[in-house]
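Novice: My questions will all concern the structure given below.
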Amino acid sequence: MEPILLIIGSWWWVAPATVAAGAGAYGALTTGRRRARRLELDAARHEESQAYRTLVAAKAQVRTAQADVLAARARSGVSAVPIPAKRALQSAREAEKAASYALRASRARVKASYAEYRAQSSTEPLPIERLYAAHDAVNARWLSYETDIDKALAYPAVTDPRHPATVAFLRAQREAQWVRPTPGTRVAPAQFVAYRTAVADLDAALIEAERRAGVPGAPRVSQGGVAGVLGSVADAIDAAIPVIEGLRSAIVLPRRFTPKPPDSAPR
């Protein structure tokens, strides 16, 4: 009986230490899963923070531009605002407006991500896993133009590096692969945002390469600003040219009628 009591007295701390280690491992695993599941929400909050900082910097730039306008007016001694200072103030105000819209969009994205986080179940794939799948799907779609003989013969420009659209896709592909997090590692919200942006740029680059190669059903990548407007106008003109030509060939113009002068009366 004494040896048993001696063993128990010597190793009594093993059971509490084992329980504590198991509880710690379970807590770390549960916390890691919860953190990985709310990664998209944390990324949206990170974007909101960055948008707020951008707006604060834009407001400061507007105040600086206003001070420059007042200083230029004081130096010139006239009420008219110098053109360079006026343009700088206008540009600063436009940047402030854009930053304000971006902050509103980021806050809306936070609300949507929070609702999605609350609604998702434990059986659904993690946000980073969905992003991995989207990245692999784009790469697989591009590889199909090399492995599929029919696609390779019909649309060789998609994989030809001599075409500018394909070069842009290859650059986006390299960038997406560079920022892709290693599976199994902890992904920070900033990493997730950078990887998500790279995957979106990769998908847009492939769509543009498919459109330039003449792949049927390839949508056009939307552009903003003047480039988007000019692109839409150019597409409208290209689409209208065949219609106009068809109308010109279908319309039969009437012959110009010239009345014949009456014969002179007999004498």
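Novice: Determine, yes or no, whether residue 170 is under 13 Å from residue 139 (Cβ atoms), open to solvent by less than 20 Å² (accessible area, probe 1.4 Å) and assigned to a helix (DSSP H, G or I).
Specialist: no
Novice: On to the next question. Out of the range 59-109, which residues are modelled with pLDDT of 85 or more and among the charged types (D, E, K, R)?
Specialist: 59, 63, 68, 87, 93, 94, 96, 97, 104, 107, 109
Novice: Same structure, new question: Can you list residue pairs whose Cβ atoms sit under 9 Å apart, with the first residue in the range 196-212 being closer than 13 Å to residue 166 by Cβ and the second being open to solvent by 10 Å² or more (accessible area, probe 1.4 Å) and of a type in the set (Lys, Arg)? Count only pairs 6 or more apart in sequence or on different chains.
Specialist: 205/171; 206/141; 207/220; 208/220; 210/141; 211/220
Novice: OK, next. What are the residues in the range 149-163 that are touching a residue at least 12 places away in the same chain (Cβ under 8 Å) and acidic (Asp, Glu), if any?
Specialist: none
The values are calculated or read from the model by the stated rules, or taken from the named source; none is laboratory data. A quick note: this is a predicted structure, and the numbers were derived from the prediction, not measured. Cβ: placed from backbone, ideal geometry, glycine included. Neighbour counts: every protein chain shown. For the accessible areas, the whole protein counts, side chains as well, though only heavy atoms, and no ligand, DNA or RNA atoms are used. Shrake-Rupley method; radii C 1.70, N 1.55, O 1.52, S 1.80 Å.
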